[in-house]
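Structure, as structure tokens:
The values are calculated or read from the model by the stated rules, or taken from the named source; none is laboratory data. Predicted model, so just to flag it, every value in this text is computed and none were measured. Note that each Cβ is placed from the backbone with ideal geometry, even for glycine, and that neighbours are counted across all protein chains shown.
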């Protein structure tokens with residue numbers, strides 16, 4: 001909960017603000033008795049969070065031009081200008097109005113303070129002594145630009161006019177920046193008389209600002225936003241007629257409160273409820289409280305930041321711990337499932353093992369025997385793969401006719417018999433078992449006298465069998481001995497050309513795993 005101290009010339013009030021709701025907590029007279037009562041109230045709310053809103057007449061506004069500066073140099077120049085303008089700078093502030101470009105770039109400032117700060121000093125001292133966390137000290141004019149923006153003023157020059165407990169408040173806002181404000185005392189009037197009073201005072205304000213050259217004479221009509229008391233909007237719209245200088249827009253107080261988000265306020269409360277709400281929700285950067293007076297508020301903000309960071313860290317750790325715990329639960333569930341499956345497999349193994357016949361040996365010996373039989377089965381050959389390979393090779397040699405195929409499993413060194421002559425021998429892998437296929441055939445498409453062509457065809461067939469590296473041609477026995485060491489032999493020239501074709505023999509081997 002936040003508290004708002006609202007200071008006027010007649011009395012000082014303390015409101016409690018929570019979620020857009022304003023409740024009156026205390027009232028104090030503006031004399032020494034009121035200060036004492038205020039101290040007693042603060043003693044019961046020590047360390048409370050306060051914002052101060054001052055709504056007094058006699059607020060001074062003065063424009064200054066300073067060189068374009070930054071940082072500490074700018075602050076020193078502003079402090080010096082405030083000291084030159086005001087005797088007591090405790091409640092003085094400087095508002096930036098933008099920059100002026102020319103031969104030298106300058107900054108325009110609006111200096112503002114109260115003509116009588118002594119009547120506010122005891123109340124501020126009481127707040128500081130109670131260790132209250134002062135969020136800020138604002139005057140109603142400082143909050144007027146935020147109010148104009150929330151009521152739909154997008155830019156340009158405008159007057160914000162409203163009636164509150166202190167009287168008729170008029171603020172001049174230029175492009176979102178405060179330029180001037182005044183508070184006029186207003187006696188009890190009828191709605192018609194008060195509307196006419198607002199019209200005349202607004203015209204006087206425009207004339208005064210034109211005299212000071214703050215408001216250009218040839219400028220477009222000034223947009224005037226008037227916040228009418230509840231139920232008096234129609235009366236104000238009838239009295240506030242726009243002209244060439246002023247363009248009036250009337251907003252009912254209840255409608256303005258709804259736009260700003262004020263959910264409830266004490267009965268009979270004027271437009272000050274809007275400014276009090278803005279002091280909490282949209283406080284301006286410029287204010288009257290000094291840095292040392294707001295030290296408790298800064299420490300409170302730092303504490304809240306640390307608590308928020310700690311809470312965020314705790315939440316992150318909690319989420320991480322929760323995720324880790326879920327992983328642990330998942331791992332435990334998976335471990336339990338694996339153990340259950342392992343017990344089921346063990347039980348099934350024991351059931352199957354109980355059906356085996358009783359043997360006089362151990363399980364390890366039986367396992368070794370099965371493994372040995374498996375290796376023997378893997379090393380036992382089959383002629384299917386070798387015959388399929390030879391069949392594929394024979395598709396490219398239609399002139400070769402096979403007489404016989406003799407398949408066996410043997411050591412390559414012992415496979416086949418040595419040739420009578422003209423044999424070509426491959427180097428087998430020593431000591432390993434292999435499938436050996438003895439191929440006997442004839443070349444039928446050639447004459448017997450073409451012994452060189454027959455020999456070349458047989459050699460080409462043997463080379464084709466070597467194409468697959470898993471097969472080895474151990475020996476090739478040609479039908480003729482055509483080597484240089486021997487003489488041409490065979491059955492060539494001993495029979496007629498139409499006799500049986502010469503035979504050849506090839507030993508093809510494939511190693512077993």
query = Can you find a residue in the stretch 21-42 that is at positive phi, surrounded by fewer than 17 Cβ atoms within 10 Å (Cβ to Cβ) and either touching a strand residue (DSSP E or B) at 6+ places or on another chain (Cβ under 8 Å) or in a loop (DSSP other than H, G, I, E, B) (or both)?
reply = no
ask   = When you look at residue 278, is it assigned by TED's automatic domain parsing to the domain that holds residue 127 and assigned to a helix (DSSP H, G or I), yes or no?
value = yes
query = Quick check: anything in the stretch 318-329 part of a helix (DSSP H, G or I) and touching a helix residue (DSSP H, G or I) at 6+ places or on another chain (Cβ under 8 Å)?
reply = no
inquiry  = Given the options 247, 200, name the one that is farther than 29 Å from residue 283 by Cβ, loosely packed, with under 13 Cβ neighbours inside 10 Å and at pLDDT 90 or above.
reply    = 200
query = Has the stretch 155-175 got at least one residue that is in contact with a helix residue (DSSP H, G or I) (Cβ under 8 Å, 6 or more places away or on another chain), surrounded by 21 or more Cβ atoms within 10 Å (Cβ to Cβ), in the same structural domain as residue 227 (by TED's automatic domain parsing) and closer than 30 Å to residue 300 by Cα?
reply = no
query = Identify, please: which residue in the stretch 57-83 is assigned to a helix (DSSP H, G or I) and within 20 Å of residue 101 (Cβ to Cβ) and is, among those, farthest from the chain's Cα centre (by Cα)?
reply = 77
request  = For residues that are within 37 Å of the chain's Cα centre (by Cα) and part of a strand (DSSP E or B), scanning just the stretch 134-176, find the one that is farthest from residue 202 (Cα to Cα).
outcome  = 134
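Quick one: in the stretch 282-301, of everything that is under 16 Å from residue 48 (Cα atoms) and out of contact with any strand residue (DSSP E or B) (no Cβ under 7 Å at 6 or more places or on another chain), which residue is surrounded by the fewest Cβ atoms within 10 Å (Cβ to Cβ)? Full working, then the answer.
Applying the first criterion (under 16 Å from residue 48 (Cα atoms)) to the stretch 282-301 yields 293-301.
Checking which are out of contact with any strand residue (DSSP E or B) (no Cβ under 7 Å at 6 or more places or on another chain) leaves us with 295, 298-299, 301.
Numbers: 295: 14, 298: 13, 299: 11, 301: 13.
Here the answer is 299.
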inquiry  = Take the conditions touching a residue at least 40 places away in the same chain (Cβ under 8 Å) and either in contact with a strand residue (DSSP E or B) (Cβ under 9 Å, 6 or more places away or on another chain) or under 19 Å from residue 286 (Cα atoms) (or both) and apply them to residue 168. Does it pass?
reply    = no
message = Being touching a residue at least 12 places away in the same chain (Cβ under 8 Å), closer than 26 Å to residue 184 by Cβ, touching a strand residue (DSSP E or B) at 6+ places or on another chain (Cβ under 7 Å) and not in a helix (DSSP H, G or I) is the requirement here; does residue 111 meet it?
response = yes
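Kindly indicate whether residue 205 is buried (at least 21 other Cβ atoms within 10 Å of the Cβ) and part of a helix (DSSP H, G or I).
Yes; evaluated as a whole, the condition is true for this residue.
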task = May I ask you to list the residues in the stretch 1-19 that are under 37 Å from the mean Cα position of the chain (by Cα) and outside any strand (DSSP E or B)?
result = 1, 19
Flag if residue 49 is touching a strand residue (DSSP E or B) at 6+ places or on another chain (Cβ under 7 Å) and either assigned by TED's automatic domain parsing to the domain that holds residue 185 or without any contact (Cβ under 8 Å) to a residue 60 or more places away in the chain (or both) = yes
task = Among the numbered conditions (1) in contact with a strand residue (DSSP E or B) (Cβ under 6 Å, 6 or more places away or on another chain); (2) surrounded by 13 or more Cβ atoms within 10 Å (Cβ to Cβ); (3) modelled with pLDDT of 75 or more, tell me where residue 451 comes up short.
result = (1)
